[in-house]
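One structure is given below, encoded as structure tokens.
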Amino acid sequence: MRLLLLVLTASLAAPIQAQAQTQTQTRARDRTEPAPLNQVRIGVAAPLSGPSAHLGKDIENGARLAIDDLNATGPQIGGRNVQFVLQVEDDGGDPKQGTAVAQKLVDADVAGVVGHLNSGTSVPASRLYAAAGIPQITPAATTPLYTRQGFQTAFRLVANDNKIGEVLGRYAVHTLKARRIAVIDDRTAFGQGLVDAFLKGVRAQGTAADAVSRQYTTDRATDFTAILTQIKARQPDLIFFGGMDAVAGPLLKQMKTLGLNVRLLSGDGICAERLPQLAGDAMADNQVTCAVAGGVTGNYDVGYRAFVDRYQQRYKLPLQTYAPYAYDAVMLLATAMQAAGSAVPRQYLPALARIKYQGVTGAIGFDRYGDLANPAVTLYTYRGGRKTRIDILH
């Protein structure tokens, strides 16, 4: 009998000891690791490889600066201390890779997403975020389709192509006095959409100005001799390019080689600090005009310039274009969560949709589609190898 009791006691003690050991390990782990419920994970999706990697890194840097600023305040959501965590994924500027990245962020249960850079990645990725109910704020993509799919989760911090096309069409006709316009698009959703919107804006002016040549390239092309030769034969007084700076730089070089000394007009895809380096000595002062889908004036200009200085001191890099918008995107997500008292997407999404926020990039609020209300467009040129602001238009 005594032997039986000893066996029973030993058999009962084993699971109790194992349970106690597990509880001890759990308590030890809880002391050294943040509790999962106290972490709020925000995803960033942008090209960190490929020709637009510098623009994607700009987005990541802006978002990371916002995360650091938030955590420095000891943030709370619903009365609980939280720590914001950034999960950055490289979409390569490729639609297929972009959807894979989107699924990865969905599987990681991120509370919100800042991204993507390109229209061609933002649109397909937005379907996955919408299906999961996760808010997405793009700091850069301009295609109108992005916010016209009926998704309640899609938001944009810059003007869309319709607005940019209207502004640039008016500027080309009335300020640059263009009448014979050649257009080139890179066959991406962004490039083609921007060119179409620009031509619509030109024709809306009711003048004789129109496209005398429409040519096509790709977002990775390096040789433009054939299309520029055809354009030169049409004797344009302006070339409009729908694409990114990695293509615009070599394009400008070959324009000079062919003696095609006309202005180049484009959107924010080429409006980066490094364009003069990409173009070498081929770009004359005031030859290039580009439009950034946003802009700040008055009191906001002081805050924007302070942000630029802080960014450059932190990263030892020139700010390209999108970092301030990525910074504001993170802050918008956090502010909406705090207003709703929850980081659960479906619970804070209504607060995001109706938010009124004073950001680095200006006063932010969204219309019923998720587009930025009353967006501005900032025109820049390049003088002495530096990007220089010309005007802010609405």
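Brief remarks follow.
- Looking across the range 284-307 at every residue that is hydroxyl-bearing (Ser, Thr, Tyr) and in contact with a helix residue (DSSP H, G or I) (Cβ under 9 Å, 6 or more places away or on another chain), the one that is modelled with the highest pLDDT is identified as 289.
- The requirement of being assigned to a helix (DSSP H, G or I), more than 24 Å from residue 119 (Cα to Cα) and not assigned by TED's automatic domain parsing to the domain that holds residue 181 is satisfied by residue 334.
- Leading residue by the ranking (nearest to the chain's Cα centre (by Cα)) among those in the range 303-338 that are polar (S, T, N, Q) and closer than 25 Å to residue 385 by Cβ: 321
- Yes/no for residue 141 being part of a helix (DSSP H, G or I) and either of a type in the set (Lys, Arg) or surrounded by 24 or more Cβ atoms within 10 Å (Cβ to Cβ) (or both): no
- So residue 50, is it modelled with pLDDT under 95 and on the phi > 0 side of the Ramachandran plot: yes
- Search result, residues across the range 356-378 that are in contact with a strand residue (DSSP E or B) (Cβ under 7 Å, 6 or more places away or on another chain) and either at pLDDT 95 or above or closer than 18 Å to residue 299 by Cβ (or both): 357, 364, 366, 370, 371, 376, 378
- Residues being under 17 Å from residue 188 (Cα atoms), part of a loop (DSSP other than H, G, I, E, B) and more than 11 Å from the chain's Cα centre (by Cα) - total across the range 118-138: 0
- Selection status of residue 310, within 29 Å of residue 366 (Cα to Cα) and at pLDDT 95 or above: yes
- Subset of the range 148-195 that is more than 17 Å from the chain's Cα centre (by Cα) and among the hydroxyl-bearing types (Ser, Thr, Tyr) - its residue that is surrounded by the most Cβ atoms within 10 Å (Cβ to Cβ): 171
- Being in the same structural domain as residue 175 (by TED's automatic domain parsing) and either surrounded by fewer than 18 Cβ atoms within 10 Å (Cβ to Cβ) or closer than 30 Å to residue 363 by Cβ (or both) is a property that residue 229 has.
- Selection status of residue 170, modelled with pLDDT under 95, on the phi < 0 side of the Ramachandran plot and either outside any strand (DSSP E or B) or not assigned by TED's automatic domain parsing to the domain that holds residue 266 (or both): yes
The values are calculated or read from the model by the stated rules, or taken from the named source; none is laboratory data. Not measured: the values here are computed from a predicted model. Note: ideal-geometry Cβ built from the backbone for every residue, glycine included; neighbour counts use all protein chains shown.
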